[in-house]
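Worksheet for the structure shown next.
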Amino acid sequence: MTDRLSWDEARLCAYYAAAALPARSVPLDQALGGVLAEPLTAPVALPTADTSAMDGYAVRGAPPWRVVETADRSLEDGQACAVVTGAPVPKATDAVLPAEHAQRSGDLLRGRATPAAGMHVRPAGEECAAGDYLVATGTVAGPTVLGLAAALGHDTLRVHPTPAVRAVISGDELVDSGPPSPGRVRDAVGPMLPGLVAAAGGRWAGAVRVPDVPTVLRAALAQAHADVVLVTGASGQGPADHLRSVLAAAGAELLVDGVACRPGHPQTMARLPDGRLLVGLPGNPLAALVAFLTLAAAALAGLGGRELPELARLPAHDVRPHPTEHRIVPVRVRAGVARPVGYDGAAMLRGAAVADRLAVVSPADAASVRLLPDPGGSPWAS
């Protein structure tokens, strides 16, 4: 397709072009950030037996209690046994007396207050029964999911792996250190990309810088081993923008060739012959950010097996809609209302750096906006 898509069409196109990466079983320490390809189930009950929720004494009957030294048998009336948090309590335990409430003299035990029946005892199966479905397919395997899986005894999880992303940063005028000067532009897009990729659910696989030479760009694309390849600064129509000709020569399928939005309209997306997805980002920093949030973030959601986030809609004040195209503007949100912060030119990051979010302004609609996910947040969520 060669016609410019609307902003919403482009985002959906990128998402549905990116089929979820094949699921695989990986050790827990490699599953972080992956998306569950099957529900997390409980092979055993948690806890597996009645356990103590406190350090203290398992007790039976009324005080005073006589402390016995073994927990391998059932308590008799008037007996107590020392327990630690998480340890099984003896059979016939009425409650656990916390250590800080205990008053012990020799083998006699009293408490400042007698615990109520069942107090500080976690009954077997309190959290789940064997066979329970606990976490749904499609959930990101974050730290708490991994902890729960470990508590249940899982050694591996079946997940859609985190997509790998590598960037090819082009531009003869770019420098990566020191201040800019006439004819020399400090690269502002490259430093943004690792954080954007991580926030969007991807795995940063590094970047390479290339001059504005078609053969060099072609070679860099061939060597960019990743699920998504980002190309910055070559997606426009200028004399130094060679991405389209390189893609055509390689036999790539062009999926998005320009998007009807401001800034960021020269963004592109293609499928390379070997199946890798390529997203072309404009060279201007805010335009590149918009293109990443439009195409790359959507593609990473699809590859990772995640839902495309719904965009919250808020009332807006003082926004200026474009008559025919979507505008993406930095906004602050106060009292539930979005207001632009300014400095929203394609080459500017000042507005985005101090904004709460970027807002999607529909053509000829100044009454409300949709909020893009926070590009500095993690996990990536609306």
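The values are calculated or read from the model by the stated rules, or taken from the named source; none is laboratory data. Everything quoted here is computed from the prediction, not taken from an experiment. Cβ sites come from the backbone with ideal geometry, for glycine too, and all protein chains shown count toward neighbours. Accessible surface is based on the protein model in full, side chains and every heavy atom, while ligands, DNA and RNA are left aside. Shrake-Rupley method; radii C 1.70, N 1.55, O 1.52, S 1.80 Å.
Normalised size of region 272-332, defined as Cα radius of gyration per 2.2 N^0.38 Å with N residues, equals 1.40. Heavy-atom surface analysis with a 1.4 Å probe gives the chain a carbon and sulfur content of 54 percent of its accessible area. Considered as an equivalent ellipsoid built on the Cα gyration tensor, region 64-126 has semi-axes of 18, 14, 10 Å, the largest given first. Given in Å, the Rg to one decimal and the Dmax to the nearest whole number for the Cα atoms of the chain are 29.1, 91.
Short-range pairs are left out: with C-alpha atoms under 8 Å and at least six residues apart, the relative contact order of region 249-382 is 22 percent. Among 109, 193, 372, which one moves the most in a GNM of the chain with springs linking Cα atoms closer than 10 Å? Per the Cα network of the chain with a 10 Å cutoff, 109 tops the list.
With an a/c value of 1.5 or above and a/b larger than b/c for the gyration tensor axes a ≥ b ≥ c computed over the alpha-carbon atoms, region 142-203 is described as prolate.
Quote to one decimal, in nm, the extra length available between residue 144 and residue 73 on full extension: 0.36 nm per residue of separation minus the C-alpha distance between them. Walk me through the numbers before you get to the answer.
On the way: separation 71, 0.36 × 71 = 25.56 nm, distance 3.51 nm.
Residue separation times 0.36 nm, minus the Cα-Cα distance, leaves 22.0 nm.
On C-alpha positions alone, give me the angle between the axis of helix 7-16 and the longest principal axis of the chain, in degrees, nearest 10. Result, in degrees: 60. Mean separation of Cα pairs under 8 Å and 6 or more residues apart, divided by the residue count, gives region 147-231 a relative contact order of 43 percent.
Here the contact order of the chain, divided by its residue count and restricted to Cα pairs under 8 Å and six or more residues apart, works out to 18 percent. In whole percents, the pair-distance distribution calculated for region 192-318 from its alpha-carbon pairs, binned every 5 Å from zero, is 2, 10, 21, 23, 22, 12, 5, 3, 2, 1.
Amide H contacts of residue 45 (H built 1.01 Å from N, in plane; Pro and chain starts excluded): 130 sit under 5 Å, all sequence-distant by 5 or more or on other chains. Between the alpha-carbon centres of region 8-73 and region 122-199 there is a gap of 21 Å. When both bridge partners sit in the chain, DSSP labels roughly 65% of those beta bridges antiparallel. Inter-label distance, residue 366 to residue 129: 6.1 nm, where each label sits 7 Å from its Cα along the C-beta direction. Extension gain for residue 113 to residue 44 (0.36 nm times residue separation, less C-alpha to C-alpha distance): 21.3 nm.
With the simple spin-label model, which puts each label point 7 Å out from Cα in the Cβ direction, the residue 335 to residue 84 separation comes to 5.6 nm. Computed from Cα atoms, the angle from the helix 143-152 axis to the main principal axis of the chain rounds to 40 degrees.
Based on the alpha carbons, how large is the Rg to Rh ratio for region 1-96 when Rh follows Kirkwood?
Details: Rg = 27.3 Å, Rh = 18.6 Å.
That ratio equals 1.47.
Taking only the C-alpha atoms of region 1-160, the Rg (one decimal) and the largest Cα-Cα distance, Dmax (whole number), read 24.7, 87 Å.
Compared with the alpha-carbon gap, the fully stretched path from residue 213 to residue 310 is longer by 31.0 nm at 0.36 nm per residue.
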